[in-house]
Amino acid sequence: MEEYTKSLQKFLEEQRNWTKTMFKIAGTIYRGVNNNRFTVEQALNKLGGAN
């Protein structure tokens with residue numbers, strides 16, 4: 001959780017326009033990766049990233 005918080009703080013220094021939905025998605029991805037349900041790459045692909 002500490003890494004997630006630091007990454008989020010670093011990102012928010014540059015941008016402050018995250019919506020509530022974006023925070024929910026980021027939290028869901030973090031928990032899924034942390035519980036070994038999927039990888040970050042798999043999550044990004046599901047969101048419409050590169051195939």
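The values are calculated or read from the model by the stated rules, or taken from the named source; none is laboratory data. Here the structure is a predicted model, which means the values were calculated and not measured. As a convention, Cβ positions derive from the backbone with ideal geometry for all residues, glycine included, and neighbour counts pool all protein chains shown. These area figures cover heavy atoms from the full protein model, side chains too; ligands, DNA and RNA do not enter into them. Shrake-Rupley method; radii C 1.70, N 1.55, O 1.52, S 1.80 Å.
Key figures for this structure:
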quantity: Three-way shape call for the chain based on the alpha-carbon gyration tensor, with the a/c threshold at 1.5; calculated: oblate
quantity: Rounded FRET efficiency, nearest 0.05, which uses the C-beta distance separating Lys6 from Asn35 and R0 of 22 Å; calculated: 0.65
quantity: Whichever lysines have a C-alpha closer than 16 Å to that of Lys10, once near sequence neighbours (fewer than 8 apart) are set aside; calculated: none
quantity: Helix 20-34 axis, angle to the chain major axis (alpha carbon atoms, nearest 10°); calculated: 50
quantity: Heavy-atom accessible surface of the chain: percent carbon and sulfur, 1.4 Å; calculated: 53
quantity: Cα-centred dipole magnitude for the chain, charges only on beta-carbon of K, R (+1) and D, E (-1), debye, nearest 20; calculated: 240
quantity: For the chain, the longest site-free run once trypsin sites (Lys or Arg not before Pro) in DSSP loop states with at most 13 other Cβ atoms within 10 Å are removed; calculated: 17-36
quantity: C-alpha long axis of helix 2-14 to longest principal axis of the chain, angle in °; calculated: 50
quantity: Positive-pole candidate from Tyr4, Phe23, Val33, dipole of the chain, charges at beta carbon; calculated: Phe23
